[in-house]
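**Q** Let me begin by handing over the structure; questions about it come next.
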Amino acid sequence: RIKFMLVDYHRTRLKKIQKNTLHILRREETLARLSKQEEDFARKYLDLVVAHQKEVIVDKLPRIFRKLAEKSDGLDMVQTPCLDEFVYFHVEEDVGQVVVHERTGATVDLHTGDIVATRYEPVRGLVATGQIALI
C-alpha cells in the first residue's frame, strides 16, 4: 500500500512537471523546488517536446510562422499552473486565522494536526515556509 502511494505521488509529480515544464524551467523559484533528477527530467522532456513539435508541426508551416515565441503581442504563451485549484494539506504548526477568500473575507483557523482543503493561492506562502504540507 505504501509502495502504491509513493509511486502515485511520483507519477502525479511528473505529470505536473510535464504540464508546466516551461513555467518551471524559466523561474528560479520553481526550479529550486525540484530534485536534481526532476530537473534533468524536465530539461530532457522539454528537449524532446520541442524536437517533436519542430519535426511534426513547425517544419510544415510557412517560414514566417516557424518561430516558437514565449510571448506574442504581449500575451504570455507559456502555460502556468492554476493557483485557484483546491488542495489538501496538513498543518505542521499552529498558524491561526488565514483569509481564504479575499472578496468575502472568509477565514479558517489552522491548528497543528488539522487536515484542510482550500484554494492553493491563499496558503501558498505557508507551503513555502513549511508551516503546512500538501497532501
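The values are calculated or read from the model by the stated rules, or taken from the named source; none is laboratory data. Just so you know, these numbers come straight off a predicted model, no measurement behind them. Backbone-built Cβ (ideal geometry, glycine too); neighbour counts: all protein chains shown. The accessibility values were calculated without ligands, DNA or RNA, using every heavy atom of the protein model including side chains. Shrake-Rupley method; radii C 1.70, N 1.55, O 1.52, S 1.80 Å.
**Q** Does the stretch 31-44 hold any residues that are under 25 Å from Ala128 (Cβ atoms) and at pLDDT 90 or above, and which are they?
**A** Leu34, Ser35, Lys36, Gln37, Glu38, Glu39, Asp40, Phe41, Ala42, Arg43
**Q** May I pose another question? Which condition breaks for Arg11 when tested against (1) more than 26 Å from Glu121 (Cα to Cα); (2) at pLDDT 90 or above?
**A** Every condition holds for Arg11 apart from (1).
**Q** Sticking with this structure for a sec: Restricting to the stretch 19-46, count the residues that are among the polar types (S, T, N, Q), outside any loop (DSSP other than H, G, I, E, B) and either out of contact with any helix residue (DSSP H, G or I) (no Cβ under 8 Å at 6 or more places or on another chain) or loosely packed, with under 14 Cβ neighbours inside 10 Å (or both).
**A** Total meeting the criteria: 1.
**Q** Name every residue in the stretch 13-51 that is over 18 Å from Thr80 (Cβ atoms) and hydroxyl-bearing (Ser, Thr, Tyr), in order of residue number.
**A** Residue satisfying the conditions is Ser35 alone.
**Q** Another one. If the Cβ limit is 7 Å and pairs must be 6+ apart or interchain, which residue in the stretch 108-124 that is closer than 20 Å to Leu83 by Cβ and outside any helix (DSSP H, G or I) pairs with which residue that is open to solvent by less than 50 Å² (accessible area, probe 1.4 Å) and of a type in the set (Ser, Thr, Tyr)?
**A** These pairs meet every condition: Val108/Thr118.
**Q** Which pairs turn up if I take residues in the stretch 41-58 that are touching a residue at least 12 places away in the same chain (Cβ under 8 Å) and at positive phi and look for partners that are of a type outside the set (Val, Ile, Thr) and surrounded by fewer than 14 Cβ atoms within 10 Å (Cβ to Cβ) with beta carbon separation below 9 Å, at least 6 apart in sequence or on another chain?
**A** No pair meets every condition.
**Q** Show the residue pairs that are 6+ apart or on different chains and have beta-carbon atoms under 6 Å apart, the first residue being within the stretch 4-19 and at negative phi and in contact (Cβ under 8 Å) with a residue 60 or more places away in the chain, the second being open to solvent by less than 100 Å² (accessible area, probe 1.4 Å) and aliphatic (A, V, I, L, M).
**A** As it stands, the answer is none, since no pair meets every condition given.
**Q** Could you look through the stretch 47-100, keep only residues that are at pLDDT 85 or above and among the small types (Gly, Ala, Ser), and pick out the one that is least open to solvent (accessible area, probe 1.4 Å)?
**A** So, considering only residues that are at pLDDT 85 or above and among the small types (Gly, Ala, Ser), the one least open to solvent (accessible area, probe 1.4 Å) is Gly96.
**Q** Something else: Quick one: which of Thr21, Thr118, Thr104 is of a type in the set (Ser, Thr, Tyr), over 22 Å from Tyr9 (Cβ atoms) and at pLDDT 85 or above?
**A** Thr104
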